[in-house]
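Reviewing the structure listed below.
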Amino acid sequence: MNFNKQILATIILLLTLVPHALGHVTGRNLQNFQYNADLASVAPIVDGYLDDPAWEKVVPGKLEQDLISGERRGESPDFTGTFAAVWRNGFLYVAIKIIDDQLENRQAKLLREDHLILYVDPHHSGRAEDLYRFEIPIEKDMGTLKSPLTRVAWGNDGQTCELSFRIDNLARKGNSIGFLIAYNDVDSGNLRQEIAWAPEGYTLEENAYLPDLVFTAKIEPTRQQKLIQWGHIKRLY
Ligand SMILES: [Ca+2]
Ligand SMILES: [Ca+2]
Ligand SMILES: [Ca+2]
């Protein structure tokens, strides 16, 4: 009886520990961590100002995971950041709000400047590869943009930003893409931290898997769209 109890206790202990350990090593602790990007009834205007109706009802994600130390960060005057995402007509739109105590955007090298890092993997390979990596300097002209990034606009002296990605029919209800957003905070000429929207314990080195961004559609189809559905046209959006 006691022996069985001991075995049972051991098994329970292992069941608690093993997934945690595996999760840390493989990056699979991303389960249940995702961002739901909702369908916008009207696409936001990508001008750097977040006054569009599309941003009114979004659920923001917080940038609070330090990718270097793996630690969680609370609210701090050093840096706070949030983002939101919606989709419409083959485009993914991302809005970002950042408050940084020391804005550094006049250096020659991006590494010495504050900048945003986004991973957008439309094919959902899950991997944080350079192919899907977008580095966005604060309030600077980026010249030709790497596909699928189509537009970047800043507002409010570098405190707000809007971006659009053209991913065509991959932006559809129920589909998922790999997604990560982080802010590289350079203060006094040194990179102090990389703060991301990511689950607790996540670091980019150990966890090469990207979190999911899922396309959702809460709004009710209009009567006209229902008629189209009856006509068996598969892709409404
Ligand atoms: Ca706007
Ligand atoms: Ca800072
Ligand atoms: Ca800074």
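Considering only the range 76-99, I want to know if a residue exists there that is touching a residue at least 24 places away in the same chain (Cβ under 8 Å), of a type in the set (Phe, Trp, Tyr) and within 16 Å of ligand 3 (Cβ to nearest atom).
Restricting attention to the range 76-99, the residues satisfying the condition of being touching a residue at least 24 places away in the same chain (Cβ under 8 Å) are 77-79, 81, 83-99.
Now restrict to residues that are of a type in the set (Phe, Trp, Tyr): 79, 83, 87, 91, 93.
Of the ones still in play, those that are also within 16 Å of ligand 3 (Cβ to nearest atom) are 79.
Yes.
Could you give me the residue pairs with C-beta distances under 7 Å whose first residue belongs to the range 190-216 and is open to solvent by 20 Å² or more (accessible area, probe 1.4 Å), whose second residue is at pLDDT 90 or above and in a loop (DSSP other than H, G, I, E, B) wherever it lies, and which are 6+ apart or on separate chains?
Taking only residues 6 or more apart or on different chains, the pairs are Glu194/Leu67; Leu204/Leu67; Thr216/Lys173.
Kindly indicate whether Ile195 is in a strand (DSSP E or B), of a type outside the set (D, E, K, R) and within 16 Å of ligand 2 (Cβ to nearest atom). If you could, list the steps in order and put the result at the bottom.
On the way: in a strand (DSSP E or B): yes; of a type outside the set (D, E, K, R): yes; within 16 Å of ligand 2 (Cβ to nearest atom): yes.
Yes: the conditions hold for Ile195.
Can you spot a residue in the range 78-88 that is within 16 Å of ligand 1 (Cβ to nearest atom) and of a type outside the set (A, V, I, L, M, F, W, C)? Outline the logic, then answer.
Restricting attention to the range 78-88, the residues satisfying the condition of being within 16 Å of ligand 1 (Cβ to nearest atom) are 82-88.
From what is left, the residues that are of a type outside the set (A, V, I, L, M, F, W, C) are 82, 88.
Yes: one or more hits.
Would you check if Glu71 is assigned by TED's automatic domain parsing to the domain that holds Pro211 and surrounded by 14 or more Cβ atoms within 10 Å (Cβ to Cβ)?
Details: assigned by TED's automatic domain parsing to the domain that holds Pro211: yes; surrounded by 14 or more Cβ atoms within 10 Å (Cβ to Cβ): no.
So Glu71 fails the test.
Which of the following residues is open to solvent by 50 Å² or more (accessible area, probe 1.4 Å), farther than 28 Å from Asp157 by Cβ, at pLDDT 90 or above and within 19 Å of the chain's Cα centre (by Cα): Asn89, Asn36?
Working: Asn89 fails: within 19 Å of the chain's Cα centre (by Cα).
Residue meeting the stated conditions: Asn36.
Determine whether the range 213-228 contains at least one residue that is touching a helix residue (DSSP H, G or I) at 6+ places or on another chain (Cβ under 9 Å) and at pLDDT 85 or above.
Yes, because at least one residue in the range 213-228 is touching a helix residue (DSSP H, G or I) at 6+ places or on another chain (Cβ under 9 Å) and at pLDDT 85 or above.
Among the candidates Ala54, Ala108, single out the residue that is crowded, with 21+ Cβ neighbours inside 10 Å, out of contact with any Leu (no Cβ under 7 Å at 6 or more places or on another chain) and without any contact (Cβ under 8 Å) to a residue 60 or more places away in the chain. Outline the logic, then answer.
Details: Ala108 fails: crowded, with 21+ Cβ neighbours inside 10 Å.
Step by step, each of Ala54, Ala108 is checked, and only Ala54 is crowded, with 21+ Cβ neighbours inside 10 Å, out of contact with any Leu (no Cβ under 7 Å at 6 or more places or on another chain) and without any contact (Cβ under 8 Å) to a residue 60 or more places away in the chain.
The values are calculated or read from the model by the stated rules, or taken from the named source; none is laboratory data. The structure displayed is predicted, hence computed values, not measured ones. Cβ: placed from backbone, ideal geometry, glycine included. Neighbour counts: every protein chain shown. Keep in mind that these areas ignore ligands, DNA and RNA; they rest on the heavy atoms of the full protein, side chains included. Shrake-Rupley method; radii C 1.70, N 1.55, O 1.52, S 1.80 Å.
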